[in-house]
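The next block holds one structure in the form of structure tokens; read it before the comments.
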Amino acid sequence: MGWLCWFSSGRSVSVFLYNEFTRKHFMNKSELIDAVSAKSGLTKADTDRAFKAFVEVITESMAKGDSVALVGFGTFLVRERQARAGRNPRTNEAIQIDAAKIPAFKAGKALKDAVQ
């Protein structure tokens, strides 16, 4: 069962349909730090420093083009996107989109199984 909500801002009105599938909670960084701190018994300050170091090491590795594999959890990797033709949506003019390296995450089997 769902319900409708609408919001008015000036001249535009936005309508949203909410139901049990769209109501999701997204954990932010501070909530993650609190949860890891509670599970590990570390202080929040120590957990925050460890988390920052974790993110920094993964970022540095990916910046060099390396992958970081955490068995059972997943792999952080760099994917290469080929150059391609595109269109400017304002002018409808054909443009060339450059090749790019993009960060990606591939979930491991244990993580996939836990989510199912």
Candidates per chymotrypsin sites (Phe, Trp or Tyr not before Pro) in the range 21-104, loop by DSSP, up to 14 other Cβ within 10 Å
Phe21, Phe26, Phe73
For the range 43-56, what does the Karplus curve 6.51 cos²θ - 1.76 cosθ + 1.60, with θ = phi - 60°, yield as ³J(HN,Hα) per residue in whole Hz, taken in order and with x for Gly and Pro?
6, 5, 5, 5, 5, 5, 5, 5, 5, 4, 5, 4, 5, 5
Net charge near Leu32 (other residues with Cβ under 15 Å of its Cβ; Lys, Arg +1; Asp, Glu -1) is +1
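Readers should treat all values here as calculations from the given coordinates under stated rules, not as data from a laboratory. These numbers were taken from a predicted model, which means no experiment stands behind them. For neighbour counting, all protein chains shown are included, and Cβ atoms are generated from backbone atoms with ideal geometry for every residue, glycine included.
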